Amino acid sequence: MAALSKDHLVAVIGSGAMGAGIAQVAAVAGYTVKLYDTRPEAVAKAISDIALVFNKLVAKERMSAVAAAAAIARLRAAVTLDDVAGAGLVVEAIVENLDAKRGLFAQLEAIVGDDCILATNTSSISVTAIAAKLRKPERLVGMHFFNPVPLMALVEVISGLATDAAVAQAVCDTAAAWGKNPVHAKSTPGFIVNRVARPFYAEGWRLLSEQAADAATIDAVMREAGGFRMGPFELMDLIGHDVNFAVTQSVFHAYFNDPRFTPSVLQQEMVNAGYLGRKSGRGFYSYGDGSTALPQPQTEPARPVPEFVSYTVEQGAKAGAPRVAGSSVADALAERLRAAGITVTHRQSPEARGHAAGADGAPAFHCNGAAVYLTDGRSATERARDNQHPDTVLFDLSLDYASATRIAVTCADQCSPAAYQSVVGLFQAAGFAVTRLDDVPGMAVMRTVAMLANEAADAVNQGVCSAEAADIAMQKGVNYPRGPLAWADAIGIGQIVTVLTNLAASYGEERYRVSPLLRRKHASGAVFHA
């Protein structure tokens, strides 16, 4: 079964934001669309609003007047549900309620032909459960669009237990014909995006609850170092804390209270207080005056450039060493320091000289007595104890050390102020705004990325989706700067396993258990994307 041809009618049930968006996308792609809602006036308004959108696109020269007129002519109102009888595809976009969806599809089965594909735009309800009472459950499939539909590229094509593989492929091909990036997924709680994205919020809440930094600072680190378009708290303000908390609760309960998905008590308090974000005028940030300017993040004051800097040449060559864009972290940072005019001396690792490296191997940098490491999931205080080197300073992961504008650092409780300040001066001289986090295990970007990769790996391991689908979904569905599994490949799967293992040891929680697939990849030396 190939993509639905343009000779087939597409019916969309529900004319809210999602239904209208789906109808718009199908019409632009050349399909005749019938839009139905129990409120005829809502259908009329939806079609009128779509016409206004087309007019704006024409005015901006992003759509021709001829194409706009043709697309709006393909949009028609269905007065009754019986009017969709000739549809080849029906997409449901009504209220997120199992009984309501089951009732609608039972009605549709008596109206449409046996070869008509039935699709649900559910974001959280089991596709298997929706189809269970149908006469032909094999023709029902999930077709999960993301809001706003015309702008968001991702469509999750969800197969329930009874879904025919040919039906799922036809919907996938049709979504591609509509200009979308479809990915296949199995009907499990959260599908791909709402499941894999949970750690982005959860680790932010954990960092805030442990007073690693304030919300504005954590957001800035995730944006300016991690490369995310928004930090977790500004994103939750945009989504709405009530909505975000409800999704987290739903996934948590659907997985039988798996600690990996434990909701945050702090977010529950936000919801209890009515601090829901933009829609209520107040969340972590204030929106009452119409301003969306964020408070300034904590940034360390200027410090002098250190007199002595060396870095370990061999770190990038060691098996399992953290890798970024084909070079070691130390190499990438050393190159940036040299470009800023800082003299950096090569230093052989103890292993290369035939000496023992101690409990932790060689640090990435030495700086006026400070040993400077990329975080490995331990706190700096633990690491200083393990290495018997009090002046230990850690730095966080960045998406790209060559272009990042901010870097997060932390130091051991035993570290002297002079040693810490020399490291701050080092990074400042390289052009970074330096943010100090309190000494929490795994810091901010590293622990978040490690947990995102872990959740994506578990989804692949459990047959929910492929590695490619997981990465496409997170980039196209929530605009991550890199797919979490591709990120794991770039950092080094061994580094991800080490970070998660150390987090689990530090917290003593099942939350940080390592996916069996990550352990398997690490043991074999394989990667997710060749």
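Only the coordinates and a few stated rules stand behind these numbers; no lab work does. This is a predicted model, so every value here is computed, not measured. Cβ coordinates were reconstructed from backbone atoms using ideal geometry, including for glycine residues, and neighbour counts include every protein chain displayed.
A few comments on the model shown:
- For Trp178, net neighbour charge (Lys/Arg +1, Asp/Glu -1) across residues whose Cβ lies under 15 Å away: +2
- Length added when fully stretched, Gln296-Ala73, from 0.36 nm per residue minus Cα-Cα: 75.3 nm
- Residue-averaged [θ]222 nm for the chain, counting only DSSP H segments that reach four residues, each worth -39500 (n - 2.57): -12500 deg cm²/dmol
- Centroid-to-centroid, using Cα positions, the stretch 445-503 and the stretch 268-282 are 30 Å apart.
- Value of relative contact order over the stretch 9-187, rounded to a whole percent, pairs C-alpha under 8 Å and six or more apart: 21
- Applying a 4.7 Å Cβ-Cβ cutoff to the chain leaves Cys116, Cys172, Cys367, Cys465 as cysteine residues with no disulfide-compatible partner.
- Estimated from the Cβ-Cβ distance and a Förster radius of 45 angstrom, the FRET efficiency linking Asp400 and Asn272 is about 0.70.
- Here the stretch 9-187 was treated as a single set of alpha-carbon atoms; its pair distances binned every 5 Å from 0 give 1, 9, 19, 22, 21, 15, 7, 4, 1, 0 percent.
- Antiparallel DSSP beta bridges within the stretch 9-187, percent to nearest 5: 15
- Measuring spread by the Cα atoms of the stretch 202-280 yields a radius of gyration and Dmax of 12.7, 36 Å.
- Folded to 0 to 90 degrees: helix 40-59 orientation relative to the chain principal axis, Cα: 60
- Extension gain, Val95-Ala3: 0.36 nm per intervening residue step, less the Cα-Cα distance, totals 30.4 nm.
- ³J(HN,Hα), Karplus 6.51/-1.76/1.60, whole Hz, each residue of the stretch 134-143, x for Gly, Pro: 7, 5, 10, x, 5, 9, 9, 9, x, 9
- From phi via Karplus (6.51, -1.76, 1.60), per-residue ³J(HN,Hα) for the stretch 248-264 in Hz, x at Gly/Pro: 4, 4, 4, 5, 4, 6, 5, 9, 6, 6, 4, x, 4, 10, 4, x, 9
- Among 329-335, 264-270, the order from most to least packed when residues are scored by Cβ within 10 Å on average: 329-335, 264-270
- Selection among Gly160, Ile130, Asn147 by position relative to the dipole of the stretch 118-175 gives Ile130 as farthest towards the positive end (Cβ unit charges, Cα centre).
- Each peptide in 97-104, 247-254, 86-93 gets a packing score, the mean of other Cβ atoms within 10 Å over its residues, and the list from highest to lowest is 86-93, 247-254, 97-104.
- Couplings 3J(HN,Hα) of the stretch 448-464, computed from phi: 5, 5, 4, 6, 5, 5, 4, 5, 5, 5, 5, 4, 5, 4, 8, x, 5 Hz, in residue order, whole Hz [Karplus 6.51 cos²θ - 1.76 cosθ + 1.60, θ = phi - 60°; x for Gly and Pro].
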